[in-house]
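J.: Below is the structure I would like to discuss, written out as structure tokens.
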Amino acid sequence: MVSRFLARRIALGVGVIATATLIAWLLVYALGSPANLMLPISATPAQVARFSHQMGFDKPMPERLGHFIERAVHGDFGTSYWQSEPAVRVVVSRLPAELLLIGGAMLVAYVLSLVLGVIAARRAGGALDRLIVAVSIVGVSMPAFWLAELLIVAFAVHFRWFPVGGYGSFKAAILPILATAALPLGRLTQIVRSAVLDEQTNRVHITSLRARGVSERRILFVHAVRNASAAIVTMGGWEMGRLLAGFTVTIEVVFGWPGLGHLAIDAIQQRDLPLIVADVFFVSTVLVALNIVVDLFRVLLDRRIVL
Amino acid sequence: MGGGRVFRLRVCGIGVGVALAAGATATLATHASASVEARSASTTISIAIGSDPSGLDPQAYEDGNALAVYDNIAEPLITTDAVTNHLKPLLATSWKYVNSKTLRVTLRSGVRFSNGEPFNADAVVFSLKRLTNPKFATQQSDFFGTITHAKKINATTVDVISSVADATIPQSLSLIMMVPPKYVTQKGASYFNTHPVGTGPYVLGSWTRGASITLKANSRYWGGAPSIANVKFVIMPEANVQLNALKTGEVDLATALSPQQLPQAPKQLKVAGPEHPMIILNQRSGPFANRNVRLAANYAVDRKTIAAKIYFGTAKPAMCEPFGLQTLGYNPKLKNYPYNPAKAKQLLAKSGNPHPTVTFIGESGRWTNDLAAEQAVQGYLEAVGFKVKFQSLAFASFLKQLLPNGNNPKMARPDMLWTSTGDTTGDADQKLQTFYAPKGAAASVNDPVLFKLVAKEAATIDRGKRTAVQQQALARACQQADFIYLVNNQNIYGASTRLTWQPRYDEQILVKAMKAAS
């Protein structure tokens, strides 16, 4: 069953990735010849023509598309104009920073949201609950780049606890991770709170646990959270997808963090078409893989789900 | 970096051109710099740049972030003065024209690349051959212009040869970086791109893609080891973050500050730069075919206020030409039209149409505060009676308007076209041929007198005569009010209080010329 499910999901995923990549290719190449944009303003028409020829921009569209597909199938997305290296290699070189940022942010978001959500659910209606809900709403609604700037002004410029930007040290990773974590943390806290509240108040098995004299804390942290975990994992996966799909772009740019989002912006600014397409390919691949993993996790966590 | 900076930043040689002449002076200087090095051997500075360099092959790119780094690693034959942009010796000690297509260059002897390879005539021949090879597909085709190759005369003498008579070979040589032949041949282009070697004052330490690059002083540098031992280039795309990092002391030099942000920097560095924002008036058709209307537009604009309010004091009102004293051909006698709205109205009345309707094409974001400047011009013109149909285009569409690229010379030119031009060649010729010639890629002029002068200057090789003709051409264009020259932007940097540096006209960031208290 699981293998049939996997096979179907992977086949669908490949379709999604291919479609996204193809659309990205069509969009960037629909701009026409990028030679004018890439060369200095003072380039002569002869220089533009020579450059177009070298880059293959002068070939007809179907021929270029065929060539692209043929190479893409072999994992070759061409050479980055900007960095003069295979585009795939440039993208892969940015994966560690991307994974560190998103992984770190999701870890912070999961751990804190479980704690905060359960506390809020337990004190539902109380002052602490309201405070947590208010803070989570701020986390969800505040634009990421704004929060990033605020964190910099407070903790880097005023208190000088962390560097303003940079990459490569533990300290430099803290502020970017916190800025990235704010959105999923806010949303997950709300999910955990309502899921736990739902379990706690409406479920027969919880009532029976209470009747058996199981402590309220155990009911909360073991039974209620466990049953709510499928929803939490699903939402967490979805949040992680959102981060990957572009939410981190502004944060990476603000902190000078060398992740995929920052690379996408650079690629667009440099009119580096192979790099844009390779970036889209990687992001959609990771997204599809993430969705499959989340679905599998749900099965493990909730035996009621049948594939 | 402010709009165009990233793209237009240019290469030009090393700041404090140390031309050590006599042996005694040489010994003294070497001792002096050695003791400076001993005292501050541990001095490290950080420089914030906007983006990861394209690569570090000093012959491949025209990207400002790449230049910022490799200008400290590799050197050209000739350099320029930081402020006046006048040519000075570097790896060449002297040069003279043998004929109108041949420049004989005498090389500094005893110089070695940082890998130990000797710098000599063979290295010059190789460097030019590599750069001009079409297969190499450099972005620097602008830099070498008409130069085709170099010929070795002896170990320290080469002839640099151009395809046509060219008075600007020395200027071109100030842009062309010398590379080590053996190293490049053995290691290959892609290795050289990440492990560059040059004759310069610094060598590459490390490169963390997308994050930072470190350089170390080249202890064997022919000009004596530089006073700052280590340099770290940190990638900070956000100008705000660069400013904050300056305030906390994380970086010593911020390269992307906007004029608005500059006053907040601990130390502000400014120097007149090449950029000259201007409006191209279409003489070929429409209201601006009438000289009185062009004059009216010129009198209508208050350049002083634009410099002070739009550019926050980081620009000076332009002279009646798109050049400063740094460009040969600059005419020091041309005064720009003063702000005189009453006279503008009179001129419009005299033209027979006190309320001409004109189209105005601009863009936003490519140059510092460009949209605000465009809107200010629109406002000034409307105040004297013009009806301005302003349109801000995406840059790609804007470029099609600015440069029909010879594909469609008959394409209608907009009445007014915003642009900003920065001479990067040291000679007025390139801009004259682009904006003032009948077939110029961005020309809207229609003046046979001007066309004759522009053709004549290109054909004149004698430096004195050529400059004189260029000055005449610029005077003619000024008198005919062919353009609205607005301002001359300054190159601006935020610095930490411990850093001392004379910023450069050509925007090169040469750490060798910096001093930093530890």
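The values are calculated or read from the model by the stated rules, or taken from the named source; none is laboratory data. What you see is a predicted model; the values in this text were computed from it and never measured. Every residue, glycine as well, gets a Cβ built from its backbone with ideal geometry; the counts of neighbours run over all protein chains shown. Quick note on the areas: whole protein, heavy atoms, side chains included, nothing else; ligands and nucleic acids left out. Shrake-Rupley method; radii C 1.70, N 1.55, O 1.52, S 1.80 Å.
J.: Given the structure, is residue B:99 over 14 Å from residue B:58 (Cα atoms), away from chain A (no Cβ under 14 Å) and either modelled with pLDDT of 95 or more or surrounded by fewer than 19 Cβ atoms within 10 Å (Cβ to Cβ) (or both)?
T.: Yes.
J.: Now for a different question. Please work out which residue is modelled with the lowest pLDDT, limiting yourself to the range A:118-159 and to residues that are loosely packed, with under 13 Cβ neighbours inside 10 Å and not in a helix (DSSP H, G or I).
T.: So, considering only residues that are loosely packed, with under 13 Cβ neighbours inside 10 Å and not in a helix (DSSP H, G or I), the one modelled with the lowest pLDDT is A:125.
J.: Okay, moving on. Looking at A:85, A:149, A:98, can you tell me which residue is within 20 Å of residue A:248 (Cα to Cα), among the acidic types (Asp, Glu) and at the interface with chain B (Cβ under 10 Å from one of its Cβ atoms)?
T.: Being within 20 Å of residue A:248 (Cα to Cα), among the acidic types (Asp, Glu) and at the interface with chain B (Cβ under 10 Å from one of its Cβ atoms) holds for just one of A:85, A:149, A:98, which is A:149.
J.: Which numbered condition trips up residue B:74, out of (1) at pLDDT 50 or above; (2) in a loop (DSSP other than H, G, I, E, B); (3) within 14 Å of chain A (Cβ to nearest Cβ)?
T.: Here residue B:74 clears every test but (3).
J.: Mind listing whichever residues of the range B:312-335 are open to solvent by 30 Å² or more (accessible area, probe 1.4 Å) and not aromatic (Phe, Trp, Tyr)?
T.: Of everything in the range B:312-335, those that are open to solvent by 30 Å² or more (accessible area, probe 1.4 Å) and not aromatic (Phe, Trp, Tyr) turn out to be B:313, B:316, B:317, B:319, B:325, B:328, B:332, B:333, B:335.
J.: Being out of contact with any Ser or Thr (no Cβ under 7 Å at 6 or more places or on another chain) and at the interface with chain A (Cβ under 9 Å from one of its Cβ atoms) is the filter; apply it to the range B:55-64 and report the residue that is nearest to residue B:232 (Cα to Cα).
T.: B:57
J.: Pull out all pairs, ordered by first then second residue, where Cβ-Cβ is under 9 Å, the residues are six or more apart or on different chains, the first lies in the range A:159-170 and is within 19 Å of residue B:238 (Cβ to Cβ) and facing another protein chain (nearest Cβ under 7 Å), and the second is among the basic types (Lys, Arg) and surrounded by 11 or more Cβ atoms within 10 Å (Cβ to Cβ).
T.: Once the first residue is within 19 Å of residue B:238 (Cβ to Cβ) and facing another protein chain (nearest Cβ under 7 Å) and sits in the range A:159-170, its partners that are among the basic types (Lys, Arg) and surrounded by 11 or more Cβ atoms within 10 Å (Cβ to Cβ) give A:163/A:171; A:164/B:247.
J.: Inside the range B:182-209, can you point out the residues that are over 25 Å from the mean Cα position of the chain (by Cα) and small (Gly, Ala, Ser)?
T.: B:188, B:189, B:190, B:205, B:206, listed by residue number.
J.: Pick from the range B:428-470 the residues that are basic (Lys, Arg) and free of Cβ contacts under 8 Å to residues at least 12 places away in the same chain: which of them is farthest from the other protein chains (Cβ to nearest Cβ)?
T.: It comes out as B:465.
J.: Would you list the helices (runs of 4 or more DSSP H) that sit entirely within the range A:228-302 and hold 3 or more residues that are surrounded by fewer than 20 Cβ atoms within 10 Å (Cβ to Cβ) and within 14 Å of chain B (Cβ to nearest Cβ)?
T.: So the answer is A:260-269.
J.: For the range B:284-329, give me each residue that is assigned to a loop (DSSP other than H, G, I, E, B) and under 16 Å from residue B:474 (Cα atoms).
T.: Answer for the range B:284-329, where residues must be assigned to a loop (DSSP other than H, G, I, E, B) and under 16 Å from residue B:474 (Cα atoms): B:318, B:319, B:320, B:321, B:322, B:323, B:324, B:325, B:326, B:327, B:329.
J.: Mind listing whichever residues of the range B:216-242 are of a type in the set (A, V, I, L, M, F, W, C) and under 24 Å from the mean Cα position of the chain (by Cα)?
T.: If the condition is that a residue be of a type in the set (A, V, I, L, M, F, W, C) and under 24 Å from the mean Cα position of the chain (by Cα), then B:231, B:233, B:234, B:235, B:236, B:239 are the ones that fit.
J.: Look through B:292, B:298 and report the one residue that is of a type outside the set (A, V, I, L, M, F, W, C), touching a residue at least 60 places away in the same chain (Cβ under 8 Å), farther than 30 Å from residue B:64 by Cα and more than 13 Å from every other protein chain (Cβ to nearest Cβ).
T.: Every option except B:298 fails the conditions.
J.: For the range B:47-57, how many residues meet the condition of being part of a loop (DSSP other than H, G, I, E, B) and out of contact with any Gly (no Cβ under 6 Å at 6 or more places or on another chain)?
T.: Residues in the range B:47-57 being part of a loop (DSSP other than H, G, I, E, B) and out of contact with any Gly (no Cβ under 6 Å at 6 or more places or on another chain): 7 in total.
J.: Among the listed residues A:50, A:64, identify the single one that is more than 29 Å from the chain's Cα centre (by Cα) and more than 14 Å from every other protein chain (Cβ to nearest Cβ).
T.: Answer to the check: A:64.
J.: Quick check: anything in the range B:263-281 part of a helix (DSSP H, G or I) and within 30 Å of residue B:52 (Cα to Cα)?
T.: Within the range B:263-281 (the criterion being part of a helix (DSSP H, G or I) and within 30 Å of residue B:52 (Cα to Cα)), the answer is yes, since at least one residue qualifies.
J.: Would you check if residue A:115 is part of a helix (DSSP H, G or I), out of contact with any Asp or Glu (no Cβ under 8 Å at 6 or more places or on another chain), among the aliphatic types (A, V, I, L, M) and more than 14 Å from chain B (Cβ to nearest Cβ)?
T.: Spelling it out, residue A:115 is indeed part of a helix (DSSP H, G or I), out of contact with any Asp or Glu (no Cβ under 8 Å at 6 or more places or on another chain), among the aliphatic types (A, V, I, L, M) and more than 14 Å from chain B (Cβ to nearest Cβ).
J.: Next question. Being among the hydroxyl-bearing types (Ser, Thr, Tyr) and either buried (at least 23 other Cβ atoms within 10 Å of the Cβ) or in contact with a Lys or Arg (Cβ under 6 Å, 6 or more places away or on another chain) (or both) is the filter here; which residues of the range B:290-311 pass it?
T.: Result: B:299, B:311.
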